[in-house]
Amino acid sequence: MSDKLSPIEHIKMKSDGLRGTLKESIELDNHTGNVRPDDEALVKFHGMYVQDDRDKRAERAAKKLDKLYSFMIRLRIPGGAISAEQWQALHQVSEEFGTGTLKITTRQTVQLHGILKHQIRPTIQAFNTAKLDSIAACGDVNRNVIASSHPQLSPIHHQVHEYADKISKLLLPKTKAYYEVFIDGEKIYERSAEADPLYEDRYLPRKFKIAIAIPPSNDVDLFTNDLGLIAIIENDELKGFNLVVGGGLGTTHGNAATFPRLGNVLGFLDTEEKTLKAVYEVLTIQRDFGNRADRKLSRLKYTIERLTVEGFKEELEKRIGFKLEPAKPYQFTERNDRYGWEQSADGKWYYTLFVEHGVVKPYQKAFLLEVANLNLSNFIFTGNQNLIIGNVSEIDKKKIEELLEKFEIEKNVSPMRKSSMACVALPTCPLALAEAQRYLPELVTKIEPILEKHGLSEHEISIRMTGCPNGCGRPYVAELGFIGTAAEQYNFMLGGDRYGLRLNKLYKEKLSEQEILDEVDHLFGQYVKEKQAGEHFGDFAYRKYFN
């Protein structure tokens with residue numbers, strides 16, 4: 001590996017604890033809606049991305065206008081749960097700033113788009129008042145820690161969920177730049193209090209993602225994360241966690257050195273102390289061994305490929321000071337959310353609302369505000385971009401049901417649509433080559449008659465789409481995956497399994513919509529005729545085309 005550092009590495013090291021010139025960019029540079037070039041990299045560490053409306057680029061360029069810059073702000077919500085009061089604040093902030101649309105992400109949090117530069121501070125200050133923040137929601141650090149969302153999975157769901165918050169706090173950067181730049185204004189913090197033994201002044205080579213799964217649900221797509229913890233529960237007692245490392249999905253078209261990878265199970269951790277120690281030291285290995293020259297090869301999956309799985313495990317055991325125990329048995333038998341009403345072991349009720357690709361529609365937003373105003377529940381974002389109205393008592397359940405009827409919340413959504421996922425893509429993502437979030441609902445509508453034709457309407461066949469190969473919508477672990485290569489053109493990935501335990505493979509390249517529909521029709525026809533007893537579609541496709 002080259003010793004030459006990428007430009008981002010130099011920006012981080014000279015940033016004065018991620019401050020850079022952000023204050024000057026926001027306060028003084030009124031000639032543009034953007035921040036200064038180096039600050040574009042630093043603002044990510046504070047939970048923001050600079051974006052512009054690509055639909056309006058040509059029009060503005062013809063008028064010799066600057067791009068229509070704005071910011072996306074993403075919250076840090078470990079485990080995805082917020083209170084009714086916090087939902088009210090989130091609703092109010094989204095009404096006052098940005099586009100008004102709430103977007104639930106695949107990382108179990110929410111983001112707002114269209115925040116103008118002069119609105120950044122008041123937006124973050126309003127979140128801070130509601131005890132919400134966007135610290136480390138983006139950037140080369142550990143990002144939002146996600147966990148299996150539905151309390152019905154286990155009577156000790158809450159105990160497992162607490163690990164998301166513990167890990168998030170353990171891995172937060174020590175710098176107070178977020179508060180100094182965006183909240184307190186002129187207040188200066190003692191730099192001596194910002195010594196950061198984990199991130200130092202280099203932070204990580206690239207983003208880092210952690211997920212916690214509670215079998216039998218793999219709703220967090222655990223094996224696609226840099227680090228995963230599988231809760232081992234016996235007789236309603238948490239015995240510990242299996243440790244998984246090395247997952248990641250991002251690739252680059254035309255770069256054979258990049259590839260998706262599922263994580264490896266390294267072993268078992270039987271105490272909280274050991275679990276937190278192991279998680280921490282996995283990050284220090286990535287900090288010290290990760291590729292800082294080529295950001296396309298900088299994720300933990302590439303570090304493990306260089307060190308080998310056994311080499312990585314040896315280094316980890318050296319740093320933690322103990323041997324990992326052999327992994328405990330586990331089984332995943334579901335990945336989708338549990339829609340509608342479900343009751344947990346303590347008698348509380350939970351309603352999972354389907355939110356297509358995480359875009360909260362205006363009528364859903366109005367419904368959720370009325371629910372929040374009742375102050376009878378909490379709200380839990382899921383890794384499948386949906387929302388659970390949770391912790392509802394038997395007595396209060398009727399009040400929620402009345403609102404469901406009042407706002408005509410639809411319940412008849414096809415299994416494929418419920419099993420769909422898409423990244424944001426156009427018009428705001430700078431990496432997007434094709435549509436995803438705006439187009440997949442339309443494509444599913446055209447596939448649904450094909451499902452009906454073959455008698456498959458009730459099958460939960462997973463379908464996912466991204467506008468580029470970066471993998472944000474996790475298309476590489478779908479039964480049907482579509483990855484944008486150009487406008488209205490997609491690579492067709494096939495053969496992932498139902499539960500996120502196997503990567504799919506390239507089936508056909510650069511297909512148009514009609515070519516996609518023709519192939520889907522052909523594949524479903526083959527599946528109906530040739531499937532084995534109990535065989536899911538993804539398993540059939542893998543057996544037929546890749547095995």
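Give me the percent relative contact order of the chain, please, defined on Cα pairs under 8 angstrom at least 6 residues apart. Please list the in-between numbers first.
Numbers: 1192 pairs, mean separation 69.6, N = 547.
It rounds to 13 percent for the chain.
With Cβ to Cβ distances under 9 Å as the rule, what net charge do the other residues near residue 290 carry (K, R +1; D, E -1)? Walk me through the numbers before you get to the answer.
On the way: positive: 206, 287, 292, 299; negative: 288.
With Lys, Arg at +1 and Asp, Glu at -1, the neighbours total +3.
Distance between the 7 Å Cα→Cβ label points at residue 276 and residue 333: 3.4 nm.
Each residue of segment 354-366 is assigned a 3J(HN,Hα), and the resulting list reads 6, 10, 4, 6, x, 8, 6, 6, x, 5, 5, 5, 5 Hz, derived from the Karplus form 6.51 cos²θ - 1.76 cosθ + 1.60 (θ = phi - 60°), x at Gly and Pro.
Cα centroids of segment 33-96 and segment 214-237: 32 Å apart.
By counting other Cβ atoms within 10 Å of each Cβ, how are 23, 63 ranked from fewest to most?
Details: 23 16, 63 7.
Listed from fewest to most nearby Cβ atoms, that is 63, 23.
Where the alpha-carbon atoms of segment 340-413 are placed on the principal axes, they occupy 31, 26, 22 Å, in descending order.
The spacing between segment 490-534 and segment 147-205, judged by their C-alpha centroids, is 40 Å.
The calculated FRET efficiency for residue 529 paired with residue 28, based on their beta-carbon distance and R0 = 60 Å, is about 0.30.
As a ratio to 2.2 N^0.38 Å, the alpha-carbon radius of gyration computed for segment 135-335 takes the value 1.06. Its DSSP H runs of at least 4 residues, each contributing -39,500 (n - 2.57), put the calculated 222 nm mean residue ellipticity of the chain at -9500 deg cm²/dmol, to the nearest 500.
What per residue convex hull volume, in Å³, do the alpha-carbon atoms of the chain yield? Before the final figure, lay out each step's value.
Values: hull volume 87.1 nm³, N = 547.
Roughly 159 Å³ of hull volume per residue.
Taking 4.7 Å between C-beta atoms as the pairing limit, the chain has these partnerless cysteines: 138, 429, 468.
Past the 26 angstrom mark, what percentage of all C-alpha to C-alpha distances in segment 413-532 do you count?
On the way: 839 of 7140 pairs.
The calculated P(r) of segment 413-532 puts 12 percent of pairs beyond 26 Å.
Values in this text are rule-based calculations from the coordinates and carry no lab data. Everything numeric in this text was worked out from a predicted model, so none of it was measured. Here Cβ is always computed from backbone atoms with ideal geometry, including for glycine, and neighbour counts include all displayed protein chains.
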